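Please treat every number below as a calculation from the coordinates, not as lab data. Not measured: the values here are computed from a predicted model. No Cβ is skipped: glycine too gets one built from the backbone with ideal geometry, and neighbour counts run over all protein chains shown.
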Amino acid sequence: MRTETDSMGTLHVPDDRYWGAQTQRALQNFKIGEERLPRAAIWALGTIKQAVAHVNADLGLLENRLAEAISDAAQEVIDGTLDDHFPLRIWQTGSGTQTNMNVNEVISNRAIEMLGGELGSKDPIHPNDHVNKSQSTNDVFPTAIHLSMVRQIQAHLLPRLTRLQSAFAEKATAYAEIVKIGRTHLMDATPLTLGQEMSAYTQQLAAAEQRLNAALPHLSELPIGGTAVGTGLNTHPDYTERVVAKLSETTGYELKRAPNAFEALACRDAVVSASGALKTLAVALFKIANDIRWLASGPRCGLGELQLPEMEPGSSIMPGKVNPTQCEAVTMVCAQVMGNDTTLAFAGANGALQLNVFMPVMAYNALQSIQLLGDACESFRENCVESIVPNTETIGRHLSESLMLVTALTPHIGYDQAAKVAQYAHEHGSTLREAAIALEVLSGEAFDELVLPADMTRPNLG
């Protein structure tokens, strides 16, 4: 152990750890749960500290030698080689101060070590005076939330969502000519093609992608430079613009300073809005996965219109049983994301005057939702969607047995007469054709000319 100090006194810190007294104090004071800040947020914090060090040096506020050491240590945070030195749970102060200081202390001590100094000495690099220079947790932490969400949405979620959408688009094209029975209220309805059914899923995912892209501009507005309450106290007049420009340069993302720093610190509306887009994607994925599970149900005693890839045994007691496991995994992810959104909405509403004080849980939930949805899209595509095969025999049988084909007769014999044909067929266990002939509504030849399932999948009057 070594001895480190903070403004409240002295604490013993494990000698092989780079964190300092404030982190150690937080470890003792917040023994709650196991949830830690996601790696993406730690990456963002390291990226911010590195950018700020360079800007402070350029503005003449920090020695170049110290700035370079801070930058080198921050790079190790960015790269993930120091992940073991960030032990804090998200259940801490609502501003994230403990985590910000954890990052400051780790970068400070690692930089001191690089310069040949003594860990815990705060010399020549102090965690507050140098690593945290021109900053407050109140602007750094929300900037890290925004930056990490932008990165994870663009680098992790959107590419996987696009690939899943493309997989459904390919199915829509491949199955464009397979006519099947539609279902509304889980009951037989008029026909459509399997391709049309798949096209609905394609469009749902395309719309979800548009909503996520629409959330990015607001997330790309960074609160950095507002310091404690939005005034920019203890910063250089050019600081904010330079930091945002540096972050844009190093990350490759189009970032902007928040148009109003007071709003940017006081609320997390951009996060709540983005979570709404994530929730909508979860709703769409839930519906799609559930539909596929219904359509593949059976294989002999359900709908059985789709055949899913057989990935693993489905039962510990029933030999040969195979379950729609990918669909179930996706729907569980969606349930988690919907729950995360509820927490994010409540947390976002709890801004108090000049600061939101629910930020660690917001960071955790938002980044978990992005991670889970991206992973689920990829797993669903690879292990299910790409290998879906239609059971054309079952599809054909269901189509031929449906009474709702009678809808094609309505424009020709009227709704009431068509209803009598359907009711007669249902009561007597006959086909619609046989019912129409028995009721002397139509001849067999006329029925055959009017009831063409493929023609019922598109506008057919006029």
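Give the shape of the range 402-457 as rounded, prolate or oblate, defined through the alpha-carbon gyration tensor: a ≥ b ≥ c are the square roots of its eigenvalues, a/c under 1.5 means rounded, and otherwise the shape is prolate if a/b is larger than b/c and oblate if not.
Note, shape of the range 402-457 comes out rounded.
Using the number of other C-beta atoms within 10 angstrom as an exposure proxy, rank SER275, SER121, SER316 with the fewest first.
Numbers: SER275 27, SER121 14, SER316 7.
The most exposed by this proxy come first: SER316, SER121, SER275.
Got a sec to turn the phi values of the range 185-198 into Karplus ³J(HN,Hα) couplings, 6.51 cos²θ - 1.76 cosθ + 1.60 with θ = phi - 60°, whole Hz, x for Gly and Pro?
Each residue of the range 185-198 in turn: 6, 6, 10, 3, 9, 6, x, 8, 9, 4, x, 5, 4, 5 Hz.
For the range 359-452, report the translational diffusion coefficient in µm²/s to the nearest whole number, using Stokes-Einstein at 4 °C, 1.567 mPa s, and a Kirkwood Rh over Cα pairs.
76
Could you go through the range 234-240 in sequence order and give the Karplus-derived ³J(HN,Hα) for each residue, using 6.51 cos²θ - 1.76 cosθ + 1.60 with θ = phi - 60°, rounded to whole Hz, and x for Gly and Pro?
6, 10, 6, x, 8, 4, 4
For the pair ALA206/THR410, report the inter-label distance in nm, with labels modelled 7 Å from Cα in the Cβ direction.
About 2.8 nm, to one decimal.
Would you grab the residues whose amide H sits under 5 Å from the one on GLN307? Only those 5+ places off in sequence or on another chain, please, with H modelled 1.01 Å from N.
When sequence neighbours closer than 5 places are left aside, the close amide H contacts are VAL389, ASN391.
Around THR193, which amide H atoms from residues at least 5 apart in sequence, or from another chain, sit under 5 Å from its own amide H, with H modelled in the peptide plane?
It is LYS180, by chain and number.
Exposure proxy check: MET101, MET338 ranked by fewest other beta carbons within 10 Å?
In order of increasing Cβ crowding within 10 Å: MET338, MET101.
Suppose we keep just the DSSP beta bridges with both residues in the chain; what percent of those would be antiparallel, to 5?
That works out to approximately 90 percent antiparallel.
For the residues TYR253, TYR364, what sequence is obtained by ranking on other C-beta atoms within 10 Å, fewest first?
The most exposed by this proxy come first: TYR253, TYR364.
What number, rounded to the nearest 500 deg cm²/dmol, is the helix-based mean residue ellipticity at 222 nm of the chain, given -39500 (n - 2.57) per DSSP H run of at least four residues and division by all its residues?
One gets -18500 deg cm²/dmol as the mean residue ellipticity at 222 nm.
Which translational diffusion coefficient, to the nearest whole µm²/s, is obtained for the range 270-356 from the Stokes-Einstein equation, given a Kirkwood hydrodynamic radius over C-alpha pairs, 4 °C and 1.567 mPa s?
Values: Rh = 15.2 Å.
Value of D from the Cα-based Kirkwood radius: 85 µm²/s.
In whole Å, how far is the Cα centre of the range 418-455 from that of the range 186-250?
Between the Cα centres of the range 418-455 and the range 186-250 lies a distance of 53 Å.
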